[in-house]
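Values quoted throughout were computed directly from the atomic coordinates according to the rules given, and no laboratory measurement underlies them. This one's a predicted model, so the numbers in the text were calculated from it and none came from an experiment. Every residue, glycine among them, receives a Cβ derived from its backbone with ideal geometry; neighbour counts consider all protein chains shown.
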Amino acid sequence: MKRLILSRKGFDAKAGGCASPILPDGRLFSLPIPQYHPSPKNYADLDFDGISGTELLKEVSAKVKPTDYCHNDPQLNDDIGIFGQASSSQTELKNNDVSPGDLFLFFGWFRNFSIRARDLHHLFGWLQIKEIIEGSEAITTYLKENNITHVHGYGDTSKFSNNTIYVGKKNLQINKKNLFKRGHGLFKKTHKDLILTEVNKTRSRWKLPSKYFLNTHDLFLNRMKWENEKESTIFYKGFGQEFILDVEKNPNVIKWVVNLIKKHG
């Protein structure tokens, strides 16, 4: 693993207009953003661990409707994990040499609405890359051969310039050693380990665990930089989707990711 990508997904202030929910029992569900042209699913079609998308929209008092199309991506709870990217965000991943073996950690805006809790940036899932498929024709062929429906290979794919999908590994592997039974998946429940936001701060003020991140120079390849490196704090600027870390600069960061997945996946 050379690259770790902190990938922002799900409802935000512009797309969806509110946080995704953390339920009273601790389960968390990233609500996919709306899509304004046909997609394989609308919100009513979604099933989050037995809870319908319609119920979750009510939980967060969302403005989008159950009949609205959604951009259901990444798909992490199926036998084959898939994440799609396109346009300038995909160019950024490619230019920073994101390759098979690298790993996405997905995060988003979450809140426990039942207790009027604070807004958080919270990790919700992961995908280690097995293969990268570029171009709408190749994507459509792969999905058809594997009997998979995915938004990046559905309908008029010309809307996705620079269209690409990332297919997850079967097992989490580091240096060809299997470390966990799944190479992609969703974290089971909320936990302080999975919260990026610093305690008693706004959601964009992050504190990463110094145990793993201390004394790491030039870790961030795009956008992000330390606000206080000694305290492992970052002020997240709230723009962009993909935040790429060069974990070769500090292998302890890989240990952080593996421990999160083994403990909470």
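Among the GluC sites (Glu not before Pro) in the range 132-230, those placed in a DSSP loop whose Cβ has at most 14 other Cβ atoms within 10 Å are GLU227.
When you restrict to C-alpha pairs under 8 Å that are six or more residues apart and normalise by the size of the chain, the relative contact order lands at 22 percent.
Here, P(r) means the percent of Cα pairs in each 5 Å bin from 0 to the largest distance; for the chain it is 1, 6, 13, 18, 20, 18, 14, 8, 3, 0.
Please state the charge dipole magnitude for the range 1-90, taken about the Cα centre, from unit charges on C-beta atoms (+1 on K and R, -1 on D and E), reported in debye and rounded to the nearest 20.
On the way: 10 positive and 11 negative charges, 102 e Å.
So the dipole magnitude of the range 1-90 works out to roughly 480 debye.
Where does the range 130-259 land on the Kirkwood hydrodynamic radius, alpha-carbon pairs, in angstrom? Value: 17.6 Å, from the Cα pair sum.
What is the mean projected area of the alpha carbon convex hull for the range 1-97, to one decimal in square nanometres?
On the way: hull surface 30.4 nm².
So the Cα hull casts an average projection of 7.6 nm².
When the trypsin sites (Lys or Arg not before Pro) in the range 34-140 are filtered for DSSP coil states and for at most 11 other beta-carbon atoms within 10 Å of their beta-carbon, the remaining sites are LYS63, ARG116. The spread of Cα positions in the range 55-152, taken along each principal axis and listed from longest to shortest, comes to 44, 31, 27 Å. Going toward the positive end of the dipole of the chain, with +1 on Lys and Arg Cβ and -1 on Asp and Glu Cβ, which of ILE234, ILE82, HIS71 do you reach last? It is ILE234.
Assuming charge only on the beta carbon of Lys and Arg (+1) and of Asp and Glu (-1), the dipole of the chain about its Cα centre is about 960 debye to the nearest 20. Of all DSSP beta bridges confined to the range 1-155, the antiparallel ones make up roughly 65%. Candidate cross-link partners of LYS263 among the lysines, defined by an alpha-carbon separation under 20 Å and a same-chain spacing of 8 or more, comprise LYS169, LYS170, LYS177, LYS181, LYS188, LYS189, LYS192, LYS207, LYS211, LYS255. Given +1 at the Cβ of Lys and Arg, -1 at the Cβ of Asp and Glu and no other charges, the dipole of the range 92-152 around its Cα centre is 500 debye to the nearest 20.
For the range 182-265, trypsin sites (Lys or Arg not before Pro) are listed when DSSP marks them as loop and at most 15 other Cβ atoms sit within 10 Å of their Cβ; the list is LYS188, LYS189, LYS201, ARG223, LYS225, LYS237.
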